[in-house]
Amino acid sequence: MDTSAVNTSSVTVVGLGPMGRAMAGAYLDAGYRVTVWNRTASRADELVARGAVRADTVEQALAANEVVVLSLTDYAAMYAILEPAAAALEGRVLVNLSSDTPERAREGAAWAAKHGARHLTGGVQTPPSGIGTKEFDTFYSGPRDLFEQYEDVLRVITGTDYRGEDPGLAALYYQLQMDLFWTALTAWLHTLAVANANGISASAIRPLATEVLGGMGQFIDFYTPRIEAGEHVGDVERISMAVASLEHVVHTTRDSGVDPALPVAVLEAFRQGAAAGHEEDSLTWLIEVFGRRAAA
């Protein structure tokens, strides 16, 4: 395998789960010379058939190209794979699209620098089906000059959304998005469980669910300036109203024979707000409840 040519029209992709395979495929479609490596080598078969080069070792994968895209489960996987080949990291640009925490992203960037590599953190905002399109973005953070130098390479994967020099920022914005996504999706699934227990199908609930979730944007737009101003006036809704409403949800859930743990957890947060003397304030005051828990 010839590893002498290093240029920005070629990339290495390490990690060939569904996301990594989609990324490698996007680079092939864009005319890049693509080197791939995965612990289970057979995952590269389809990509090799399309023109990718399968590296026999991690060292070969790193040596092949300056830009190395990491699509791994987390940063622990990065260390497990790259530490034995750390001597080959000198001069590499690690585009780490693995999901993890902001602090681990910062630690990962420092670890890469210690071995002579530069690191960009990424947070991909699409499933594999959206890779190679401009409909979705990826959060990036790390050295601005590095991002700008390789932005054209990054845009092959998705659009780019640079968030700042701190390596942890892309991971932070990604986790903020996931916090909202998984919580909302879980709430929908719980709603379906209660509906199904009462003989109501997912299809019947679908238009109601999309209407409620679609309308959330209006609430977010309305409350954001108030929250930033520290105003939690209960002129639209109040914590006391929310407590009463969630109690009805919990009772309905129990009467349906469905696990009430999810709405009970939300109700507990509401009750804490009321117990703190803010029962007549807006539900937005719960930001203080959640923040105090973190401080404790």
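The values are calculated or read from the model by the stated rules, or taken from the named source; none is laboratory data. It should be emphasised that the depicted structure is a prediction, and the values quoted were computed from it without experimental measurement. Using ideal geometry, Cβ is built from the backbone for each residue, glycine included, and neighbour counts are taken over all protein chains shown.
Take L172 and tell me if it is under 23 Å from A77 (Cβ atoms), part of a helix (DSSP H, G or I), modelled with pLDDT of 95 or more and not acidic (D, E).
Numbers: under 23 Å from A77 (Cβ atoms): yes; part of a helix (DSSP H, G or I): yes; modelled with pLDDT of 95 or more: yes; not acidic (D, E): yes.
Yes: the conditions hold for L172.
Among the residues of the range 192-207, which ones are in a helix (DSSP H, G or I) and under 17 Å from P263 (Cβ atoms)?
Across the range 192-207, the qualifying residues are L192, A193, V194, A195, N196, A197, I205.
Only one of these conditions is not met by G123: (1) surrounded by 13 or more Cβ atoms within 10 Å (Cβ to Cβ); (2) in a loop (DSSP other than H, G, I, E, B); (3) free of Cβ contacts under 8 Å to residues at least 60 places away in the same chain. Which number is it?
(2)
Kindly indicate whether E103 is touching a helix residue (DSSP H, G or I) at 6+ places or on another chain (Cβ under 8 Å) and touching a residue at least 60 places away in the same chain (Cβ under 8 Å).
Judged against the criteria, E103 is a match.
Collect the residues in the range 128-151 that are within 24 Å of G17 (Cα to Cα) and touching a residue at least 40 places away in the same chain (Cβ under 8 Å), keeping them in residue-number order.
P128, S129, I131, G132, T138, Y150
Here is a check on your reading of the model: is E135 at pLDDT 95 or above, among the acidic types (D, E) and either surrounded by fewer than 17 Cβ atoms within 10 Å (Cβ to Cβ) or assigned by TED's automatic domain parsing to the domain that holds L72 (or both)?
Criteria not met by E135.
Quick grid of which residues meet (1) under 29 Å from the mean Cα position of the chain (by Cα); (2) at pLDDT below 95; (3) more than 20 Å from D281 (Cα to Cα); (4) surrounded by 11 or more Cβ atoms within 10 Å (Cβ to Cβ):
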position	(1), (2), (3), (4)
A195	no, no, yes, yes
N198	no, no, yes, yes
A202	yes, no, yes, yes
R206	yes, no, yes, yes
D221	yes, no, no, no
R226	yes, no, no, yes
H232	no, no, no, yes
R238	no, no, no, yes
A242	no, no, no, yes
